[in-house]
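Taking it in order: structure first as structure tokens, then the write-up.
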Amino acid sequence: MALAAHFIDRPQRWDVPFGEQMTDEDVERLFEIEPFCQMDQGRFPSAIPLHGILRNDTRIVRFAPGDIIVREGDYGSSAFLILSGQVRVALESLSARLLGRPNKPRGTWWRAITQLLRTSQAIEQRKQIARTEQQPVGGVARRADANQPRVFLQDVPRVLAATETACLGPGEIFGEVAALTRSPRGSTVFAESEVELLEIRWQGLRDLMRRDDALKSHIHELYRQNSLQDHLRETPLFAHVPAENLAHLTDAARFETYGNFEWTPTLQQSLAEHPSQRIAAEPVIAEEGTAADSLLLIRSGFARLSRRHGDGHQTIAYLGKGQTYGWQELVHNFASDRPMPLDCSLRALGYVDIIRLPADLVRLLVLPFVADQELEQTLQQAKARLAARDETEEKHTSEAALKSVSLLEFLVERRFINGTQAMLIDLDRCTRCDDCVRACAATHDNNPRFIRHGPKHGRFMLANACMHCVDPVCMIGCPTGAIARDEQTGVVSINDQTCIGCTTCANACPYHNIRMVELRDERGLLLLDRQTELPVMQATKCDLCTDNLGGPACQRACPHDALIRIDVSNVDTLSQWVNR
């Protein structure tokens, strides 16, 4: 006998606005200031009007002197436009005590035991989705959440005296880099006076920039003015370079962008191509054999480092945010009469932001301030690479190294390098007992959040489990901000209260690690949309068992040490596990 169904209204994009108190009067006020007064409302579609974005994807927040607005290291999903008052950007790292970082509560054994007694018998059971209870969207709620006390600096004058800061005033924007690249905040920002800010969540910022080039140019130029020196200072190569020299480098720096920010469709198409076609289609940032005329810094995204090998290219490594290319060549050319060209090609994997610093300025403003020991070590590495070019590398490559290189190419080709918590399974050890799946189901009310299936390379398999990516493209298209990164742990999770079941995140994930499921109530009845009479769907994925003692249940349950949750960007750890 078929079960009856329960009808509900399907959630819509703006059922849960970013700011509950945002009014039409507030929106009209925004239309009187830059950059909104310059925007053409006719460029925005009727389904996503400019007025709707400002009404539902922004909120006005106020801070008292000393209040911390964003903290260095937190993951950000919004940008801030200063409406009135002044804020200070800390150009140096502040202590954890000053930043008021709370200790995240850990799970307990009692909770783990009682969870078994609370397990639901219904598949994907949910309580009634309460639209009246506004939930924080896009991460941890800020001052508007009464349960989250505002963190503030008790002695602002002392902090200002002991810390180098920069002042920002009305009309300026900050936090846009973290919001656009889905990356940790680069600096701590706190209110110097009573300040009023317009907070724009990622989804609204994306739509505003898609429709208005002026806003995009404005944000990029602000990065040069406010953040580039800080970026250079955090790069180890520039640790001892004087501030005056950094200012000259900032003025001379060139910003370059390669590839497409929404790189998922390109990846899906490239996987069907021959590897030689695939790599040829990747935008070339720097080509092997050409002169080393600049130092390249990866601002965001991933780039492939490869070398010509036979008729194709062999992947040597990959570079991510904060890494550099061309340093060894520049040091060698500074100390030797024999010019060393670029030893490898650098290509964009998806979308890459590059900062290019001229070689002449690096030689004049940076090299004199690098320790002699470090310069000598870099020079010897460069000479060794030159010598190796005259030999046949295969003769000197161990079987274990070949295996690691082969696996690395597999990971790079399919962009698994994006994963910070990928599920890697050694099929030679795996007995297919499915203890990992059962453990996941027991932890999530009989609903496993991954599938023991996925792409294979040799004896290794990447299972279809959320990897909690460095660049989580699943967040790009979410219209409500229901899928977001936890500001403390970096775990990407889905908020049931704001997920509208649009399938955008599931379709955007290039790894097929997000599933759409039909929801049921406590009695096991399907939840149906009142208008379409179709089942209400929601997205589900691995949450890394963040609330459980001991970490991911899947890894703890494996009796044969065949499964690991691993940061794929950590090549050393990956090689050690592969070559056990």
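The values are calculated or read from the model by the stated rules, or taken from the named source; none is laboratory data. Values in this document were obtained by computation on a predicted structure and should not be read as measured data. Quick reminder, even Gly has a Cβ in these numbers, built from the backbone with ideal geometry, and neighbours come from all protein chains shown. Quick note on the areas: whole protein, heavy atoms, side chains included, nothing else; ligands and nucleic acids left out. Shrake-Rupley method; radii C 1.70, N 1.55, O 1.52, S 1.80 Å.
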Inter-probe distance in nm under a simple model that places probes 7 Å from Cα toward Cβ, at residue 516 and residue 383: 6.2 nm
Region 228-243 - phi-based ³J(HN,Hα) in whole Hz, Karplus 6.51/-1.76/1.60, Gly and Pro as x: 5, 4, 4, 4, 5, 5, 7, 7, x, 4, 9, 4, 10, 7, x, 4
Per-residue ³J(HN,Hα) for region 61-72, Karplus 6.51 cos²θ - 1.76 cosθ + 1.60, θ = phi - 60°, Hz, x for Gly and Pro: 10, 10, 10, 8, x, x, 5, 7, 8, 9, 10, 4
Potential lengthening between residue 287 and residue 92 on full extension [0.36 nm per residue; Cα-Cα distance subtracted]: 66.6 nm
Distance between region 35-67 and region 464-519 - C-alpha centres, whole angstrom: 24 Å
Contact order normalised by residue count of region 292-382, Cα under 8 Å, 6+ apart, percent: 40 percent
R0 of 45 Å, Cβ-Cβ distance residue 7-residue 546: FRET efficiency to nearest 0.05: 0.85
Charge context of residue 239, other residues only, Cβ under 12 angstrom, K/R +1, D/E -1: -1
Heavy-atom accessible area order for 516, 340, largest first, 1.4 Å probe: 516, 340
GluC sites (Glu not before Pro) restricted to DSSP loop in region 349-391 with at most 13 other C-beta within 10 Å: 391
Charge tally in the Cβ shell below 12 Å around residue 91, where Lys, Arg are +1 and Asp, Glu are -1, residue 91 excluded: -3
Net length gained if the chain between residue 375 and residue 233 were fully extended (0.36 nm per residue, minus Cα distance): 49.3 nm
Rounded to the nearest 10 Å², the accessible area of residue 410 at probe 1.4 Å: 10 Å²
In Hz, Karplus ³J(HN,Hα) per residue of region 374-379 (6.51, -1.76, 1.60; θ = phi - 60°; x = Gly, Pro): 5, 5, 5, 5, 5, 5
Accessible area per residue in Å² at 1.4 Å probe, computed on region 283-374: 41 Å²
Potential lengthening between residue 29 and residue 323 on full extension [0.36 nm per residue; Cα-Cα distance subtracted]: 101.6 nm
Built amide H within the under 5 Å cut-off of residue 292, gap 5+: 342
Net charge, residue 455 excluded, C-beta distance under 14 Å - Lys, Arg +1, Asp, Glu -1: +3
Region 159-239: relative contact order as a whole-number percent, Cα under 8 Å and 6+ apart: 29 percent
Probe 1.4 Å, all protein chains present, accessible-area order of 196, 32, largest first: 32, 196
Per-residue SASA entry for residue 95, accessible area with 1.4 Å probe, Å² rounded to 10: 50 Å²
Heavy-atom accessible area ranking, 1.4 Å probe, most first, across 520, 308: 308, 520
Mean accessible surface per residue for region 505-580, computed with a 1.4 Å probe while every protein chain stays in place, in Å²: 46 Å²
